[in-house]
Amino acid sequence: MAENADKQAASAPEITYRQALHDTLRSEMLRDENVFLLGEEIGKFEGSYKITAGMLKEFGPERVRDTPIAEEGFVGAAIGAAMLGMRPVVEIMTLNFSLIAIDQIVNHAAKIYGMFGGQTSVPMVIRTPGGGGQQLAATHSQNIEAWYASVPGLKVLAPSTPADAKAMLTAAIRDDDPVLLLENLSLYNTKGVVPEGEQVAEFGKAKVIVPGTDITVVSYSRAAVIAADVAQRLKPQGISVEVVDLCSLRPLDRETVCRSVMKTGKAVVLEDDWLTYGIGAEIAASIQEGAFDYLDAPVRRVAAAEIPLPYAKSLEKIALPDADALIRVINEQLDATRFAR
């Protein structure tokens, strides 16, 4: 089975993250006529990031619906449609605009199943890009995933590769609960091998994307790509970094994280979000609870500066975590625990 999977992956095409999302949406709409799309400029304009290119022409206005600039309204409409048996996929132009619809997402989509004693569910997906590094300034560059990941009733996914984007979006559309799929603006043009055929991710499963023995780096989305790159750059120096990509922020796979830390004895969390009250804090607490006896040093965190992200390119670069910052903290961790290596 594994050999066949490897052969399939080796022969699969390399496509962009953007194309993987587009192809998956199209495939799921062909598979299930209850799947339909709605959002701002997704039809005639084909989406701000062209994920829905060609969809209106192929599926028509009943299944590809342009909406007014009214996030609370069209997210609420999607919730109602989902409760009646449809499977809407909402595109919110940017994660920042989801704040307009946060009451619908948190107080309705996430809670309806529980509030109605399981009599009805809300099988809907909200796709939305976020993240900085594009000079979009303070209100359009946020990583507020921790806010949503803290809400019971929501599933929150953050794919870092085109293959994961396909598998996670497929799983999200077929799930009976509301799912927030967090895309990252800086990943849309990244390429990777995407296995052909049906690929469905399992919720709440992290991945060890780079195996190592000296130190664990836990990350997700764009930051996971940086972490994997750093692991490769440090190999010639004899430093073996294990990188864990969380993939799913809720449910969270604490077991895989702790198992890695038990092996390496050291951990750094890398994220694009602000340092305090974020995913990194949750991971650090999880390691404290699940792998404390294996730690050679306190868990370190590398994250964005505690400021609204600047527009100026030079200032934005300084504010966001990068490979150099991660390498510096990894070396500090290894130096501080040299006796234990």
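The values are calculated or read from the model by the stated rules, or taken from the named source; none is laboratory data. What you see is a predicted model; the values in this text were computed from it and never measured. Cβ atoms come from the backbone with ideal geometry, glycine included; neighbour counts cover every protein chain shown. Quick note on the areas: whole protein, heavy atoms, side chains included, nothing else; ligands and nucleic acids left out. Shrake-Rupley method; radii C 1.70, N 1.55, O 1.52, S 1.80 Å.
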In debye, nearest 20, what is the charge dipole magnitude of segment 30-106 about its Cα centre with +1 on Lys and Arg Cβ and -1 on Asp and Glu Cβ, if you could check? 220 debye
Please tell me the relative contact order of segment 178-264 in percent, rounded to the nearest whole number, where contacts are Cα pairs under 8 Å and at least six residues apart. 36 percent
Debye intensity ratio in log₁₀ form over the Cα atoms of segment 21-78, taken at each q of 0.23 Å⁻¹: -0.90
GNM result for the chain, Cα springs below 10 Å: residue of L295, L180, L249 fluctuating most strongly: L295
Cα gyration tensor shape for segment 1-155, rounded if a/c is under 1.5, else prolate or oblate: rounded
From the cross-link list K111/K155; K166/K235; K50/K166; K50/K191; K166/K313, which pairs have alpha carbons spaced over 20 Å apart? K166/K235; K166/K313
Which percent, nearest 5, of DSSP beta bridges in the chain are antiparallel? 20 percent
Segment 130-217, relative contact order [Cα under 8 Å, separation at least 6], %: 29 percent
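Can you pull the percent of segment 118-197's accessible area that's carbon plus sulfur, 1.4 Å probe, other chains left in place?
50 percent
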Take V90, V106 and sort them by solvent-accessible surface of the protein heavy atoms, 1.4 Å probe, largest at the top. V106, V90
Given the options A171, I209, M83, identify the residue whose Cα lies farthest towards the positive end of the charge dipole of the chain (+1 on Cβ of Lys, Arg; -1 on Cβ of Asp, Glu). I209
For the chain, built as a Gaussian network whose Cα springs stay under 10 Å, the top-fluctuating residue of T128, T120, T264: T120
Remind me, relative contact order of the chain in percent, using alpha carbon pairs under 8 angstrom and six or more residues apart? 16 percent
Taking segment 201-341 on its own, what percent of its Cα-Cα pair distances exceed 22 Å? 33 percent
So which aspartates and glutamates pass the test for K57, namely a Cα distance under 17 Å, with those fewer than 8 places away in the same chain ruled out? D23, E28, E33, E40, E41, E46, D66
With +1 assigned to the C-beta of every Lys and Arg and -1 to the C-beta of every Asp and Glu, and no other charges, what is the dipole magnitude of the chain about the Cα centre in debye, to the nearest 20? 460 debye
Computed from the mean reciprocal separation of all distinct C-alpha pairs, what Kirkwood hydrodynamic radius does the chain have, in Å? 20.6 Å
In a Gaussian network model of the chain with springs linking alpha carbons closer than 10 Å, the residue among P68, P178, P321 that fluctuates most is P68
Is the C-alpha gyration tensor of segment 220-299 telling us rounded, prolate or oblate? Criteria: a/c under 1.5 is rounded; beyond that, a/b larger than b/c is prolate, otherwise oblate. oblate
What accessible area per residue, rounded to a whole number of Å², is obtained for segment 202-341 using a probe radius of 1.4 Å? 46 Å²
Using the Karplus equation 6.51 cos²θ - 1.76 cosθ + 1.60 (θ = phi - 60°), what ³J(HN,Hα) coupling, rounded to whole Hz, does each residue of segment 84-92 give in order, writing x for Gly and Pro? 9, x, 7, 10, x, 10, 8, 9, 9
